[in-house]
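See structure below.
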Amino acid sequence: DDVVLEAFYKHKAAGYPEELLFVRSESEEIFSSQSALFQPAESNLRWRIIIASPAAEGTTDTILPGDSLFGPMILLGVVGVIVCGFFLVYFYSKRKVRAVAFADWKFTCLFIAGCGLMNFGTFTLLGENTNVTCLLRMWSFNLFFVVAVSPLFVKVWRMYRLTSSSFKRTTITNKQAAFYTLPLIVAQV
């Protein structure tokens, strides 16, 4: 088979690496190939096994103007940022209402702002692939997700700490609680 023979020559020339190598057949199909050392325990044989599997070749890995997803991505990002902005302003304007004040409005506003950042991160998926956009695409969702969720984790932990000590008065200020959100965010960076 021409694919296995081509894969053998490629692996031999590369010193039989462990990573995948790609081979193109005579009919222009792409195959991924990998080699492994096979050495039976009771013999002096050292065989190289080469496995070749059909692979799909992607021709598009970007979302550019004119693509079918470009408009919906912009629409979802803009709508998400606007909705989160509306809720942020609304919740902030109601911060003096008793129920909102007891709900710890500062951390809820941080959560809503983090959700807005996650929606804003949609725009990093648009455009050509460059070193900068590749890094932004890789980090933006994870970082913005942690920015959104860490205030909620701290709110839950804070409530647990305040309600679990029945005989001893415990105080955790907003400043202390905000400080506890930082390790989660820094862990992402």
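Some observations on this one:
- Check on L143, in contact with a strand residue (DSSP E or B) (Cβ under 7 Å, 6 or more places away or on another chain), modelled with pLDDT of 90 or more and buried (at least 18 other Cβ atoms within 10 Å of the Cβ): no
- Of all residues in region 151-170 being charged (D, E, K, R) and open to solvent by 100 Å² or more (accessible area, probe 1.4 Å), the one that is farthest from F111 (Cα to Cα): K168
- Per this entry, N131 is counted among residues that are at pLDDT below 90, within 25 Å of the chain's Cα centre (by Cα) and under 26 Å from G77 (Cβ atoms).
- Members of region 1-46 that are touching a residue at least 24 places away in the same chain (Cβ under 8 Å) and of a type in the set (S, T, Y): Y16, S33, S35
- Index of the failed condition, L136 passing every other in (1) of a type in the set (A, V, I, L, M); (2) surrounded by fewer than 13 Cβ atoms within 10 Å (Cβ to Cβ); (3) closer than 30 Å to E18 by Cα: (2)
- Of the helices (runs of 4 or more DSSP H) lying entirely inside region 1-102, those carrying at least 3 residues that are in contact with a helix residue (DSSP H, G or I) (Cβ under 7 Å, 6 or more places away or on another chain) are 70-93.
- Evaluation of N129 against the conditions (1) touching a helix residue (DSSP H, G or I) at 6+ places or on another chain (Cβ under 9 Å); (2) part of a helix (DSSP H, G or I); (3) not basic (K, R) shows that the sole unmet condition is (2).
- Residue ID - least open to solvent (accessible area, probe 1.4 Å), chosen from residues in region 179-189 that are in a helix (DSSP H, G or I) and in contact (Cβ under 8 Å) with a residue 40 or more places away in the chain: T181
- If the condition is being surrounded by fewer than 17 Cβ atoms within 10 Å (Cβ to Cβ) and either in contact with a Leu (Cβ under 7 Å, 6 or more places away or on another chain) or free of Cβ contacts under 8 Å to residues at least 40 places away in the same chain (or both), then region 101-119 contributes A101, F102, A103.
The values are calculated or read from the model by the stated rules, or taken from the named source; none is laboratory data. Here the structure is a predicted model, which is why all the values come from computation and not from measurement. Cβ coordinates were reconstructed from backbone atoms using ideal geometry, including for glycine residues, and neighbour counts include every protein chain displayed. Calculation scope for accessible area: heavy atoms of the full protein, side chains included, ligands and nucleic acids excluded. Shrake-Rupley method; radii C 1.70, N 1.55, O 1.52, S 1.80 Å.
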